[in-house]
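Comments concern the structure below.
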Amino acid sequence: MTDLLYSEEEEALRAAVRDLLADHCDAPGVIARTESDAPHDLAAWKALADGMGLAGLLVPEAQGGQGATHREVAVVLEELGRSVAPVPYLSSAVVATEALLECGDEELLGQLASGRAIGVLAVGLHRAPGTAFPAVRLESGTLHGELTGIADAVAADVLLVPAEDGGLYAVDASDAALTPQVSLDATRPLATVTLNGARARRLGDAEPAVRRALRSGAGLLASEQFGLAEWALTETVRYLKERKQFNRPVGGFQALKHRLAQLWLETVNLRAAARNAADALATGEDVDVAVAVAQSYAAPVALHAAEEALQLHAGIGMTWEHPIHLYLKRAKADSIAYGTAGAHRCAVAELVGLQAP
Amino acid sequence: MTDAAELQRRTAELLAAHPPATTDRLDFLKARFDTGLAWVHYPEGLGGLGAPRALQAVVDAELEAAGAPDNAPRRNGIGLGMAAPTILKYGTEEQKQRYLRPLWIGEEVWCQLFSEPGAGSDLAALGTRAVRDGDDWIVNGQKVWTSGAHNARWAILIARTDPDVPKHAGITYFICDMTDPGVEVRPLRQITGEAEFNEVFLTDVRIPDSRRLGAVGDGWRVAQTTLNNERVAIGGMRLPREGGMIGPVAKAWRERPELRTHDLHQRLLKLWVEAEVARLTGERLRQQLVAGQPGPEGAGMKLAFARLNQEISGLEVELLGEEGLLYDDWTLRRPELVDFTGREAGYRYLRAKGNSIEGGTSEILLNIVAERVLGLPAEPRTDKDVAWKDLAR
């Protein structure tokens with residue numbers, strides 16, 4: 001039976017991560033960082049990865065990790081979503097780590113798990129699990145080519161690169177040219193990776209590693225989207241209780257109450273779908289359907305939450321100073337990341353036998 | 001504390017003393033009630049053992065495996081789901097002893113005399129009058145949307161006992177004898193063609209004061225117990241994947257490829273996902289209840305299912321194309337059971353329209369979520385300090 005609740009340990013983990021992020025990722029700081037040369041908050045990353053050991057949750061203890069499951073990772077991601085934290089957690093501790101687990105590369109797993117290195121899978125953020133992805137040329141043991149849309153690549157120490165021979169290769173980030181792309185979501189910035197005879201070490205087959213990595217990324221992204229939606233709802237409710245127009249709190253107008261109640265319903269549903277995906281990834285049961293259902297549902301809800309937050313805050317919500325735009329941009333980018341809701345609905349159709357005409 | 005092992009032992013004893021194969025159905029149900037295995041969370045002597053509610057599943061599983069008869073709970077949904085918890089909470093010892101046993105075994109079916117033509121969402125504005133006459137009350141008025149009134153032996157009734165105070169304060173809760181000569185039940189035909197509901201006319205109905213539930217003037221508070229249980233009963237059904245309205249549509253899609261279009265495919269997938277997510281939310285709510293951490297999610301379940309049932313059944317009629325232009329039967333019938341997913345697509349589509357009205361409209365439920373869950377300001381009230389008799393109507 002799927003367990004859709006949070007355990008006491010998971011709630012304790014949440015409280016600890018929330019405390020840490022309150023110290024590191026306050027909204028003005030996150031906004032300022034998006035315009036700086038250092039888009040990632042590496043101090044927050046160090047505290048999460050090194051201080052709390054959270055980069056290694058998915059890695060078995062024997063390989064230098066914490067031996068936890070996707071359920072705990074999902075709780076961390078809820079909190080990261082709540083604060084749009086600019087840390088490469090999903091990229092390194094989930095997606096790259098899953099690829100390395102599939103390849104069984106002990107050395108890099110240990111480095112990523114301990115937080116000593118940040119790993120990034122060099123597959124465009126928009127790619128859905130199970131779909132084709134570009135590969136670079138392999139010539140006499142070195143890699144040549146250009147890959148675009150690689151999230152968090154500028155923070156990477158090691159890149160995991162698919163090559164045309166069907167292998168997945170580890171490339172030291174210092175051997176690649178990383179060119180930042182101006183990104184819609186500056187808290188998960190994209191970059192172009194250019195390889196010009198980069199030295200590379202073969203880790204294993206790319207296809208199963210990438211499929212597993214993107215499936216986990218998609219499934220757990222739903223928890224980040226839930227955290228984002230919950231922040232947007234909570235913050236908007238709080239603001240509308242305070243904000244007065246026509247001699248009344250704006251939150252007392254029924255047209256707005258109904259919209260917020262509707263958003264609450266969607267958010268509650270999203271929590272169930274996200275917990276179901278995290279639990280399925282942890283137990284290995286019914287994983288494909290659980291992930292596809294969660295990603296078919298999550299992006300529209302997170303986006304709706306962010307868009308309602310903006311509209312209901314009205315003028316102040318349009319300003320650069322107010323953090324809503326960070327959430328809107330993250331939610332919109334997340335609606336493309338690891339496959340759109342439509343792509344995941346097509347996956348559902350295949351999985352449950354509701355074929356297209 | 002009664003645990004699962006203890007309940008299994010008692011269930012085995014019941015089955016040994018009253019073998020289902022050779023015992024009359026009602027005799028078995030009476031014996032089950034008297035051994036406290038009817039609803040184990042009720043008190044001893046009233047069909048229960050004061051055990052945790054979640055343990056009922058242990059008893060039900062054992063009895064089902066042994067082929068024991070059940071109490072046909074769907075025939076008496078209002079009795080079991082709404083009247084019983086209210087009697088348990090507010091009834092006198094005599095009332096509990098008199099009513100709960102025949103209610104649970106299904107000998108006596110119950111209905112609900114709450115809504116009126118002039119009191120729908122604003123139920124507290126109801127105008128049915130109850131006037132004290134010695135040891136009795138004399139009741140006059142009209143009730144509506146009364147499911148099952150034509151089968152019912154008893155009704156839970158709220159009526160106005162004091163028109164001179166604000167509306168919430170002047171209501172009293174009664175148990176009404178549906179065989180009283182002043183009770184007239186007329187079928188109320190609905191858009192599906194059948195008459196699942198009734199209008200009930202009350203003319204000089206005499207109710208002894210011993211059938212009052214709770215204090216005089218306290219009927220609104222008593223009714224909250226009834227109404228909260230109604231929403232749990234309507235939204236809280238446990239479903240397997242594709243268990244609700246989506247099931248017949250998915251089946252038609254798989255079996256009849258000639259009906260498929262790209263537009264319908266996109267809409268079907270969206271609704272399939274939403275139905276699956278609503279199912280997971282319901283499952284999560286149940287897990288919270290079992291873990292003793294009830295959340296506010298229950299308030300949303302009925303809202304979600306009403307919208308989904310309507311959209312899914314609407315899609316189904318469209319999917320069927322030429323067949324969607326037909327209807328199975330418009331004959332006026334008075335069904336004993338209500339089955340939202342029963343009959344054909346056209347019936348499902350029409351019946352589902354009631355899902356966002358019965359048991360609290362979706363608009364009222366959104367207000368409840370906004371105010372009680374999100375803590376937003378309540379609607380401005382113009383009726384709070386006005387005597388009921390002076391309200392606009």
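Just a few scattered comments:
- Within the stretch A:174-186, the set of residues being outside any strand (DSSP E or B) and without any contact (Cβ under 8 Å) to a residue 24 or more places away in the chain comprises A:174, A:176, A:182.
- Taken as a whole, the structure places residue A:306 among residues that are more than 13 Å from residue A:218 (Cα to Cα), small (Gly, Ala, Ser) and more than 9 Å from chain B (Cβ to nearest Cβ).
- Hits in the stretch A:241-261 (condition: part of a helix (DSSP H, G or I), out of contact with any strand residue (DSSP E or B) (no Cβ under 6 Å at 6 or more places or on another chain) and at the interface with chain B (Cβ under 7 Å from one of its Cβ atoms)): A:251, A:252, A:254, A:257, A:258, A:260, A:261
- Of the residues making up the stretch B:272-290, those that are buried (at least 18 other Cβ atoms within 10 Å of the Cβ) and either more than 9 Å from chain A (Cβ to nearest Cβ) or more than 21 Å from residue B:58 (Cα to Cα) (or both) are B:272, B:273, B:274, B:275, B:276, B:277, B:278, B:279, B:280, B:281.
- Some residue of the stretch B:225-233 being more than 16 Å from residue B:130 (Cβ to Cβ), over 21 Å from the mean Cα position of the chain (by Cα), surrounded by 21 or more Cβ atoms within 10 Å (Cβ to Cβ) and touching a residue at least 24 places away in the same chain (Cβ under 8 Å): no
- So residue B:57, is it surrounded by fewer than 23 Cβ atoms within 10 Å (Cβ to Cβ) and outside the structural domain of residue B:175 (by TED's automatic domain parsing): yes
- From B:113, B:100, residue being buried (at least 23 other Cβ atoms within 10 Å of the Cβ), farther than 28 Å from residue B:294 by Cβ and not hydroxyl-bearing (Ser, Thr, Tyr): B:113
- Here residue B:296 does not fit the description of being within 30 Å of residue A:250 (Cβ to Cβ) and touching a strand residue (DSSP E or B) at 6+ places or on another chain (Cβ under 8 Å).
- Matching option when the condition is free of Cβ contacts under 8 Å to residues at least 40 places away in the same chain, among the small types (Gly, Ala, Ser) and either in contact with a strand residue (DSSP E or B) (Cβ under 8 Å, 6 or more places away or on another chain) or surrounded by fewer than 20 Cβ atoms within 10 Å (Cβ to Cβ) (or both), among A:27, A:47, A:99: A:47
- Residue in the stretch A:230-238 that is assigned to a strand (DSSP E or B), β-branched (Val, Ile, Thr) and surrounded by fewer than 17 Cβ atoms within 10 Å (Cβ to Cβ) present: no
- Unique residue being assigned to a strand (DSSP E or B), over 12 Å from the mean Cα position of the chain (by Cα) and under 28 Å from residue A:289 (Cβ atoms) when the list is A:149, A:124, A:67, A:130: A:149
- If the condition is being among the hydrophobic types (A, V, I, L, M, F, W, C), more than 14 Å from chain A (Cβ to nearest Cβ) and in contact (Cβ under 8 Å) with a residue 40 or more places away in the chain, then the stretch B:295-329 contributes only B:320.
- Considering (1) more than 10 Å from every other protein chain (Cβ to nearest Cβ); (2) part of a helix (DSSP H, G or I); (3) not small (Gly, Ala, Ser), the lone condition that residue A:265 does not fulfil carries the number (1).
- Total residues in the stretch A:268-296 satisfying the condition of being within 17 Å of residue A:350 (Cβ to Cβ) and either at the interface with chain B (Cβ under 10 Å from one of its Cβ atoms) or not in a helix (DSSP H, G or I) (or both): the figure is 8.
- Residue B:177, sole failed condition from (1) within 17 Å of residue B:116 (Cβ to Cβ); (2) surrounded by 16 or more Cβ atoms within 10 Å (Cβ to Cβ); (3) not polar (S, T, N, Q): (1)
- Scope the stretch B:132-153; condition assigned to a strand (DSSP E or B), within 21 Å of the chain's Cα centre (by Cα) and surrounded by fewer than 22 Cβ atoms within 10 Å (Cβ to Cβ); matching residues: B:142
- Under the condition of being without any contact (Cβ under 8 Å) to a residue 60 or more places away in the chain and in a loop (DSSP other than H, G, I, E, B), the residues counted in the stretch B:60-91 number 7.
- Members of the stretch B:248-271 found to be more than 7 Å from every other protein chain (Cβ to nearest Cβ), without any contact (Cβ under 8 Å) to a residue 40 or more places away in the chain and of a type in the set (Lys, Arg), listed by number: B:251, B:256
- Looking across the stretch B:340-393 at every residue that is hydroxyl-bearing (Ser, Thr, Tyr) and in contact (Cβ under 8 Å) with a residue 24 or more places away in the chain, the one that is nearest to residue B:300 (Cα to Cα) is identified as B:362.
- In this structure, residue B:171 does not qualify as under 18 Å from the mean Cα position of the chain (by Cα) and at pLDDT 95 or above.
- Out of A:261, A:305, A:255, sole residue that is closer than 21 Å to residue B:300 by Cα, over 22 Å from the mean Cα position of the chain (by Cα) and surrounded by 19 or more Cβ atoms within 10 Å (Cβ to Cβ): A:261
- Inter-residue pairs, beta-carbon under 6 Å, first under 19 Å from residue A:285 (Cβ atoms) and in the stretch A:57-81, second buried (at least 24 other Cβ atoms within 10 Å of the Cβ) and β-branched (Val, Ile, Thr), 6+ apart: A:58/A:97
- Any hit, the stretch A:77-90, residues being crowded, with 21+ Cβ neighbours inside 10 Å and more than 30 Å from residue A:7 (Cα to Cα): no
- Residues that are more than 11 Å from chain A (Cβ to nearest Cβ) and of a type in the set (S, T, N, Q) are absent from the stretch B:365-378 altogether.
- Among the residues of the stretch A:19-63, those identified as part of a loop (DSSP other than H, G, I, E, B) and farther than 27 Å from residue A:3 by Cα are A:25, A:26, A:35, A:36, A:37, A:38, A:39, A:40, A:41.
- Selection count, the stretch A:1-13, where residues are in a helix (DSSP H, G or I) and either facing another protein chain (nearest Cβ under 10 Å) or farther than 20 Å from residue A:269 by Cα (or both): 4
The values are calculated or read from the model by the stated rules, or taken from the named source; none is laboratory data. What you see is a predicted model; the values in this text were computed from it and never measured. Positions of Cβ are backbone-derived with ideal geometry, glycine not excepted, and every protein chain shown enters the neighbour counts.
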